Structures are given as C-alpha cells and as structure tokens.
1. Under the condition of being crowded, with 22+ Cβ neighbours inside 10 Å and small (Gly, Ala, Ser), which residue from the range A:106-127 is nearest to B:Thr49 (Cα to Cα)?
2. In the range A:173-222, how many residues are in contact (Cβ under 8 Å) with a residue 12 or more places away in the chain, open to solvent by 80 Å² or more (accessible area, probe 1.4 Å) and under 21 Å from the mean Cα position of the chain (by Cα)?
3. Restricting to the range B:86-99, give me the number of residues that are at the interface with chain A (Cβ under 7 Å from one of its Cβ atoms) and within 23 Å of the chain's Cα centre (by Cα).
4. Of all the residues that make up the range B:142-160, how many are in contact with a helix residue (DSSP H, G or I) (Cβ under 6 Å, 6 or more places away or on another chain) and either within 11 Å of chain A (Cβ to nearest Cβ) or in contact (Cβ under 8 Å) with a residue 60 or more places away in the chain (or both)?
5. Are there any pairs with C-beta distances below 6 angstrom linking a residue in the range B:161-177 that is under 11 Å from B:Thr201 (Cα atoms) to a residue that is within 16 Å of ligand 2 (Cβ to nearest atom) and aliphatic (A, V, I, L, M), with the two at least 6 apart or on different chains, and if so which?
6. Given the options B:Leu174, B:Leu96, name the one that is under 20 Å from B:Cys211 (Cβ atoms) and not in a helix (DSSP H, G or I).
7. Cβ-Cβ distance below 7 Å, separation of 6 or more or different chains: which pairs start in the range A:126-147 with a residue that is facing chain B (nearest Cβ under 7 Å) and assigned to a loop (DSSP other than H, G, I, E, B) and end on one that is open to solvent by 20 Å² or more (accessible area, probe 1.4 Å) and of a type in the set (A, V, I, L, M)?
8. Need the failing condition index for B:Thr171 against (1) within 14 Å of chain A (Cβ to nearest Cβ); (2) within 16 Å of B:Ile197 (Cα to Cα); (3) within 16 Å of ligand 1 (Cβ to nearest atom), just the number.
Amino acid sequence: MFENLMQGQILQMLAEGVVVTLYMTLFSTFFAYVLGLPIGIALVVTSEKGLRPQKVVYKILDIAVNVVRSVPFLILMILLIPLMRLIAGKSYGPTATIVALTLAAAPFVARLVESSLLEVDPGVVEAAQSMGAGLWTIIWKVMLAEAKISLIVGATIALGTVLGYSAMAGAIGGGGLGDIAIRYGYYRYQEDIMIVTVALLILLVQGIQWLGTWLSKKLDRRV
Amino acid sequence: METIIRMQDVSKTFIGRDDQVEALKGVSLEIGRGDICGIIGMSGAGKSTLVRCLNFLEKPTSGTVFIEERDLSSLSPAQLRQVRREVAMIFQHFNLLMQRNVLDNVCFPMEINGVKKADARKRAKELLEVVGLQDKAKSYPSQLSGGQKQRVAIARALANNPKILLCDEATSALDPTTTKAILHLLQKINREFGITIVIITHEMAVVQEICSHVAILNEGELAEYGSVEEVFAHPKSLAAKKLVFRIEPKEALMESRRCVRIVFRENSSFEPVIANMVLACRTPVNILLADTKDIGGVAHGQMILQLPDDEASAARMLHYLRERKLEVEELPSYMGGGEAGESDV
Ligand SMILES: Nc1ncnc2c1ncn2[C@@H]1O[C@H](COP(=O)(O)OP(=O)(O)OP(=O)(O)O)[C@@H](O)[C@H]1O
Ligand SMILES: [Mg+2]
C-alpha cells in the first residue's frame, strides 16, 4: 500500500512539507503575538477593574477582537487576498498564508493573553501599586512575570491552533503538509500519502504540546 | 506629639450598579510619629477602606489625607508614587511575587525605586536577617509557611526605609503563636527603626498586644480614638464597649442587675482579690466575664462581676474592691439591655 512513499521525490516533498508547515506556523504565531499581546494587555488594563479603566477603548478592542474571531478562516483568507498581494507579492504560497494566519490568530492570541493576565492575583498588583510602581513596571514585572506559566501554556495552544489552520490554508494553495494531503489524498486518491501527511501533522502538534508542557513545568516556581 | 498622618473629614462612597455603600463617613484622625495605631471594628466597618485611603490606593470621595503635611489629593501621579515609597504596606494574604525567590521579592521595591542591583541585594540580605529568614533567601514563596511569607513581606516593606507601615489584617491568616511572633516583630521594627505602624484587626487581643493607640470604626464612622489604656479602661461608645467587653450587651448581661466592671492595671493579681472578697463578705458573686493576662506576674485585663441583689453585701463588696485601689465601674447601661447605651454612640 505504501509503494508511493518509496519514491525519493515523494519523501523529499514530505520533508519540505514539514519545513514549510513549521515555517508558516512559527512565523504566523510570532506575528500574531506581536499584534495580540499588546491587545491582550490593553484589554486587561482598560477594563473596568483594570489599572486604567477606559470604557470606550475597551469596548472598541473587545468588539474588534470578537468580529475578527467570528469570521471563518477560509473567508478571512479570501477577504485578505489584496493584503496578501501587497505584503507577499502574491495571493498564494506559504509567505502569503502567513499574512492571513497572523490576522486570524491575533485576536485569538489577544484573548489567551487576556485570560492569562486576569489570573494574576489582584493582591499582588495592589502590593506593587502600594510600593509606588508605575503602570509599565506593573505590566512587565508583575502581570507578565507572574502570568509567565499561563502565557506559555497559552502559546502552546496558539501554536497548535495555527498549525491546524495552516493545514486548512493548504486547501487554497497555502503550501505545507495540508496542501500535500489535499493534493495527493483528495484529488489523486493516494491514500498512503495522505495518511503519512496526517500522521506528520499529529506528530508536530504532539511535539509542540510536549515542548510547551515541559517548558512550563521547568519554569514554574509555584511547585 | 508630632503628627505624621492626618485624615481630614474623609468619606468614601462606592457606587455599584444598583446601590451605593458609604464605606467611610467623614473620618478625621491624627496619628503621631512613632505610634502603633490599631484600627478595629466589625467586618464591613470600613477598616480596609480607611487604610487604603492612607496611601491613596483608594481615593476618598471627599476629604483628604496628609502624610507629613503633604496633601495627597494635591499631588501628581509621580509625586504620589514617591510618597508611596515612604508608606509601605503588608497584607493578610502576603501578596508576594510567586515566580520570584525570597531575595528577589525583597529587592522588588528597590528595583522600583531605582536602587542599584548590587546595593539592593546587599540590603535585602540584611533585611532578611532582621526578620530571621537569612537562610531562605533562595527559596520561593510557595515553599514557605504563612508566618515565613509574612516575614518576607515585612522585609520587603522595609526595603525603601519607609516612615509608615500599614498592615491590613497582617496576622489574620496565621495561627495564634505565629500571630504573636509577627506582632512582636512589628513592635521591634517600631522601636528600632521608629516606623509608625497602622494595624488593622478585628481582634482586641492584637490591639492589647502591641498598640499604643486605637481607633474604633463602626459602620464607616470613627466611634472612638485614643490611647489603648484610655479606651480600654473607659470605653465611651457602644461600639467600643462591645469590643472591650467582647459581648453583645443584649445577650448575656440582659438579665443581670448589679454589674460592675473591674479593670486590673499594674498593682493587683486578680484571683486572690476576688477570692478574698468572697471570703470577707461571705457572699458569692457571679463572674460574667474574665479577660485577664498575666504579664510579668501582674494581672492586666478586666472582669465583669454580678454582685448579689442584697444592697448591703453589694455595697460592702464595692467598698472592698475600691479599698484595694482597683478601678471599679458600675454598668448601668447593661442592666436594662443594650438600648440604654445606644444613645452615646
Ligand atoms: N471596591 C469596592 N466596591 C464596592 N464596595 C466596596 C468596595 N470595597 C469595600 N466596599 C464596601 O465598603 C464597606 C467597607 O469595606 P471594608 O473592606 O473597608 O471593610 P472592613 O472593615 O475592612 O471589613 P473586613 O473586616 O471584612 O475586612 C463594605 O460594605 C464593603 O462591601
Ligand atoms: Mg478588610
């Protein structure tokens, strides 16, 4: 059944698929954090019980995050074609997909960051305020530092989710393992290739999960 | 007395969705430098709100607070942060940074204050010695007991050489022995570094243990304020009486008629006095409340006795007690239940 796999070029294609998938996942998640982390922090800081309550700012961010999260990923990709052209020069391929993945994941990341920061004990924040700490010191040295473990767990979830999305992006020419699975498994009925591709995706998700869990255990000081 | 903290007509109203709570109602209070001032009152009386107003963690709705004659309501945010570095605070739940070790927790306020890292570490180590935790510098808060965590919090509070230390129920999460140890540590800090301490509690025992002054808060109002000696010996308000007698006037004492309260100070050991009185007068008495402590062989505390109905024996007993230089007070307001006392709150 696996005779297709014995061909050298197929193996090479699968290896490239793994690399491309990782490339898309890591960069998209990174850029999603570049956007989502400040938004998540802003959501916490401007909320009613935050350090600088700002009703209007909070509401705008809150709604914007919800709106982008509600748009199905495939629709979002199609909507973003002009932007992908602008940034990546074309509307398909891994680099263009990164643009779409970043924008799709950023609001999700913002919510993950928000919920991690909300877990920080308000008493500790109050203690820092009572010491005369300013806003940035509190965000950096109290909120982010104390939420470190929860943020790592969140990043693990984000990576896994983005990896799943990147496979979906394959359906419309995104590249990577998802692309291979669809081209060979769906269009050419080469099930063996599809199975191996899916197995590779599972392995990648498992690997990310394992790494995240290991890191958060290693860094947690709460025993 | 040199005033270090002055609260001037401070009110605080919390506005909720469909109700509002007047947590403080026009509280004025002056605390002297070097005092240990206890703030006591029932749950919900506004104690935490009052203390949080002292460093403007909570901004009063009206009125203001002066720290060393600086009006906090007139300061810019940066100036306010500067004042907060001089007014340290410790909490019921310690509020340590769980992801930092003990030494780095103590260094944290110095980081905020821009102290050089090497200097901060040196001072942090000295402070850990003051609180007796030098061997725990590399431990994390989760590895410490409650008492140890509060010691770390105290070391941290001392880091920037504060002039004032605010304690919000700092011992409420601790067992009695640990509570005592922490209270004595606070007393030592007060004596050695001359730091003024404001300590919130709902236990009179804490006040008796270390405070020089006590403020009694009742439903957002300052019911009574004075030296511990004075308030303890002659509580005027009903709120103060409830706390000093540790009894609801309407309950146990309702039935009793001739009640007297005896305050023991330096010169007496109470057991022989009462026993001798009973022997001398050949009439039994009811002890309704005895709350005394032996400090260095001398009784301190109070006792409430119900004297016999018979006028002659009662008079003889009063005479006997007064002759022995005890402070004896008849408790008229307790005879008819709590109502009579309500007016003097
Ligand atoms: N942030 C807040 N928002 C709304 N109401 C508040 C807030 N903080 C305190 N209150 C209310 O103000 C009143 C006084 O509260 P405070 O915490 O000062 O009492 P406390 O004397 O410290 O009580 P406890 O002994 O239980 O700690 C309470 O009725 C409380 O519900
Ligand atoms: Mg309280």
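The values are calculated or read from the model by the stated rules, or taken from the named source; none is laboratory data. What you see is a predicted model, and the numbers here were worked out from it, not measured in a lab. Note that each Cβ is placed from the backbone with ideal geometry, even for glycine, and that neighbours are counted across all protein chains shown. Ligands, DNA and RNA are stripped out before the accessible areas are found, and what is left, the full protein with its side chains, is counted by its heavy atoms. Shrake-Rupley method; radii C 1.70, N 1.55, O 1.52, S 1.80 Å.
1. Within the range A:106-127, the match that is nearest to B:Thr49 (Cα to Cα) is A:Ala127.
2. The number of residues fulfilling the criteria is 2.
3. Result for the range B:86-99: 4.
4. Counting residues in the range B:142-160 that are in contact with a helix residue (DSSP H, G or I) (Cβ under 6 Å, 6 or more places away or on another chain) and either within 11 Å of chain A (Cβ to nearest Cβ) or in contact (Cβ under 8 Å) with a residue 60 or more places away in the chain (or both) gives 5.
5. Close Cβ pairs (under 6 Å, with a partner that is within 16 Å of ligand 2 (Cβ to nearest atom) and aliphatic (A, V, I, L, M)) amount to B:Cys167/B:Ile90; B:Cys167/B:Ile199; B:Asp168/B:Val51; B:Asp168/B:Ile200; B:Glu169/B:Ile200; B:Ala170/B:Ile90.
6. Unique residue meeting the criteria: B:Leu174.
7. Correct list of pairs: A:Met131/B:Ile112; A:Gly132/B:Ile112; A:Ala133/B:Ile112.
8. Here B:Thr171 meets the rest and fails (1).
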